[in-house]
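Only one structure is covered here, and it is reproduced in the block below.
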Amino acid sequence: MFRQNPSRLTFALAAVLALSFSACKKKESTETSAASSSTILIGEVGSLTGSEATFGISTHNGIDLALKQINAAGGIGGKQVQVVTIDNQSKNDETALATSKLITQNHVVAVLGEVASSRSLVMAPIAQQNQVPMISPSSTNPKVTQVGDYIFRTSFIDPFQGEVMARFASENLKAKKLAILKDVKSDYSMGLSQFFIEQLKKSGGEIVIEQSYAAGDLDFKSQLTAIRAKSPDAIFVPGYYTEVGLVARQARELGMKMPLLGGDGWDSPKLYEIGGKAIENSYFSNHYSHEDQSPRVQEFVKNYKAAYGATPDGLAAMGFDAMMVLAEALKKTPDLDHKKLRDAIAATKDHPGVTGMLTLNSERNPIKPAVVLKVENNQSKFVATISPSAAPTK
Ligand code: PHE
């Protein structure tokens, strides 16, 4: 099945990218200065290998698809656009090194990344300090854009995402007693738990138990046993796909049948591979559904499949949108001045993204709808679109 296995080619590409960046440091910087007059250089920091590799690869492909379309249409102001990608191996310290290198050695005009909020929180202070605009395609923790006025995102934020899943649990699933299993190492997981709990209480639900783990853990049995003793109607697990897949398997091994609920961090073909049958009939919120029949989404899905041989997940759509928003702002900034580029990104209004209409508010966040997806037959099935009260319609 397409969604289960991103093509080998994509992984091979990531490996080649990672290799070429570590092997050709010197060459790269000389090429950069020579290229700067005829090309516009953008930096990308992504988790192309490591525990969140599918996030980085899908995002990279989405960016790459946008880039190909931009360059095929003549580039920007007569210049071709080039993206310099560095793999941070899903690690925080590598993220800092990569961001600094792109800014100080490659002299990129802007940086795209990261996906994981904790790593965007490593990138953002470096970009802000150097006054280089940064757009995170999909980090949803509110703190990311609060770092400063050069930091943007093209995804909704977790107070909204938490509300969506809490409302879905109470209103659609009629779940009253909820358990939480969160990742203490992840700003995303901690924030999303908190926002979920706040809304659930407003909706009249009850949190019967809170348990935690740390990214990289393999055994969740003691937490799950404690949860089982409280007989919740559902368990909210706002983590990333590797741990969530294992949590699902171990919960079923312990005889627990209630649905698991989660957020966008579940969005990976690996979730179905790791979780198998155990993750079926669980629900998560996300940024888009490939089943959305709007022509904009279907055209993106068609082009992406043709280029990368896989159905695009939410990350791919978000990478595409972030690159396109940056391209629109670059068109308005012919001299590539960082401050002017910052102002142009900040002025993004009614951009027709694959993940919805994008208008950035004064906090440099867009307000847009979320979708709820159900895991069914090893893929995500569209269940509902939930709009924030002030969201523009698609
Ligand atoms: N929102 C997650 C975070 O902030 C990242 C993510 C986005 C993961 C979209 C999957 C899909 O950490």
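Just check region 234-280 against the gyration tensor rule for me: Cα atoms, a ≥ b ≥ c as the square roots of the eigenvalues, rounded for a/c under 1.5, and otherwise prolate or oblate depending on whether a/b exceeds b/c. Because a/c hits 1.5 or more and a/b fails to exceed b/c, region 234-280 counts as oblate.
With only the Cα atoms considered, the chain has a convex hull volume of 120 Å³ per residue. Taking every DSSP helix (H) stretch of at least 4 residues in the chain, weighting each as -39,500 (n - 2.57) and dividing the sum by the residue count yields a mean residue ellipticity at 222 nm of -13500 deg cm²/dmol.
Size check on region 323-367: the Cα extents along the three principal axes, sorted descending, read 29, 20, 13 Å. When the chain is treated as a Gaussian network with alpha carbon springs shorter than 10 Å, the biggest mean-square fluctuation among F195, F152, F55 belongs to F195. DSSP beta bridges confined to the chain are antiparallel in about 35 percent of cases.
Label-to-label distance, D343 versus D219, with points set 7 angstrom from Cα along the beta-carbon direction: 6.0 nm.
The packing ranking, built from the mean of other Cβ atoms within 10 Å per residue, places the peptides 330-343, 244-257, 275-288 in the order 275-288, 244-257, 330-343, highest first. I'd like the distance between the alpha-carbon centres of region 207-272 and region 98-151, rounded to an integer number of Å. Here the two parts' Cα centres lie 31 Å apart. Phi angles of region 358-375 translate, via the Karplus equation with coefficients 6.51, -1.76, 1.60 and θ = phi - 60°, into HN-Hα couplings of 10, 10, 7, 8, 5, 9, 6, 10, x, 9, 8, x, 10, 10, 10, 10, 10, 7 Hz per residue; Gly and Pro are given as x. Once the chain from S389 to K230 is taken as fully extended at 0.36 nm per residue, the excess over their C-alpha distance is 53.8 nm. Scanning residues 5 or more positions from S136 or on other chains, those with amide H under 5 Å from its amide H are G113, F152, R153, T154, with H placed 1.01 Å from N in the peptide plane. Region 188-301 has equivalent-ellipsoid semi-axes of 26, 18, 13 Å, by the square roots of 5 times the alpha carbon gyration tensor eigenvalues, sorted largest first.
Taking 18 Å as the straight-line reach from the Cα of K331, the lysines in range (excluding those fewer than 8 positions away in the same chain) are K68, K79, K339, K340, K349.
Remark: the Cα gyration tensor places region 273-394 in the prolate category, a/c being 1.5 or greater and a/b exceeding b/c.
Listed by number, the DSSP H helices of the chain that run 20 Å or longer by alpha-carbon position along their axis and have mean Kyte hydropathy of at least 0.0 are 8-23, 53-72, 314-331. For region 189-248, just say rounded, prolate or oblate: build the C-alpha gyration tensor, square-root its eigenvalues into a ≥ b ≥ c, call rounded for a/c under 1.5, and beyond that prolate if a/b exceeds b/c, oblate if not. Since a/c reaches 1.5 but b/c is at least a/b, the shape of region 189-248 is classed as oblate.
Stretched out straight at 0.36 nm per residue, the stretch from Q129 to F382 would grow longer than its current Cα-Cα span by 87.0 nm.
Exposure proxy shown here: for E114, E44, E328, E171, the number of other Cβ atoms within 10 Å sets the order, fewest to most, as E171, E328, E44, E114. Each residue of region 261-277 is assigned a 3J(HN,Hα), and the resulting list reads 10, x, x, 4, x, 7, 6, 7, x, 5, 4, 6, 5, 6, x, x, 4 Hz, derived from the Karplus form 6.51 cos²θ - 1.76 cosθ + 1.60 (θ = phi - 60°), x at Gly and Pro.
Readers should treat all values here as calculations from the given coordinates under stated rules, not as data from a laboratory. The structure presented is a predicted model; accordingly, all values stated were derived computationally and were not measured. Because the Cβ atoms are built from the backbone with ideal geometry, glycine has one as well, and the counts that use them run over all protein chains shown.
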